[in-house]
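Notes follow once the structure below has been shown.
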Amino acid sequence: MLAALSSSTKMIEVVILVVVVILLGTILVLYRRQSRPAKSGSHAASAASPASYYADVGTMQAPVGVGGGHGQSDPFAGFGAGPQFGGPPPAQAPPPPPPPAPASMPQMPPVGTPAGWMPDPSGAPDTLRYWDGASWTQHVATRS
């Protein structure tokens, strides 16, 4: 039994050693391919190296009107199908409309305001809402 166990253990060790050698050989081949300079005319020649990929980003200027009006410029301005890449220049889209004002809670009149009809706190034009002295009611009326 001991001889059979050591034989199977040796076989497993040999298989593991072969797998490790194959993986190391594959890593070595891939490393050499990556570090070899690209041949002219190949697809790899048009790809930027990681070291130079962002080298010119700081020198690029964003097109006028880009940035959304928040004081930030578009970080991807200058990349894309512009004239330098053979495509038509990108069309300048009009700025998006401002978001609607959030629905706010009705404003409370100053403390001690007596009950009565007052301008609607939701801002509806020519609309009055009844203040009961503590809170707004559901009763509304239009100015005539």
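The values are calculated or read from the model by the stated rules, or taken from the named source; none is laboratory data. Everything numeric here is computed off the predicted structure, so don't read it as measured data.
Side notes on the structure shown:
One line per residue, one yes/no per condition, for (1) part of a helix (DSSP H, G or I); (2) modelled with pLDDT of 80 or more; (3) of a type in the set (S, T, N, Q):
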| position | (1), (2), (3) |
| --- | --- |
| Ala4 | yes, no, no |
| Ser7 | yes, yes, yes |
| Ile16 | yes, yes, no |
| Ile27 | yes, yes, no |
| Tyr31 | yes, yes, no |
| Ala38 | no, no, no |
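- Being small (Gly, Ala, Ser) and either outside any loop (DSSP other than H, G, I, E, B) or modelled with pLDDT of 60 or more (or both) is true of Ala91.
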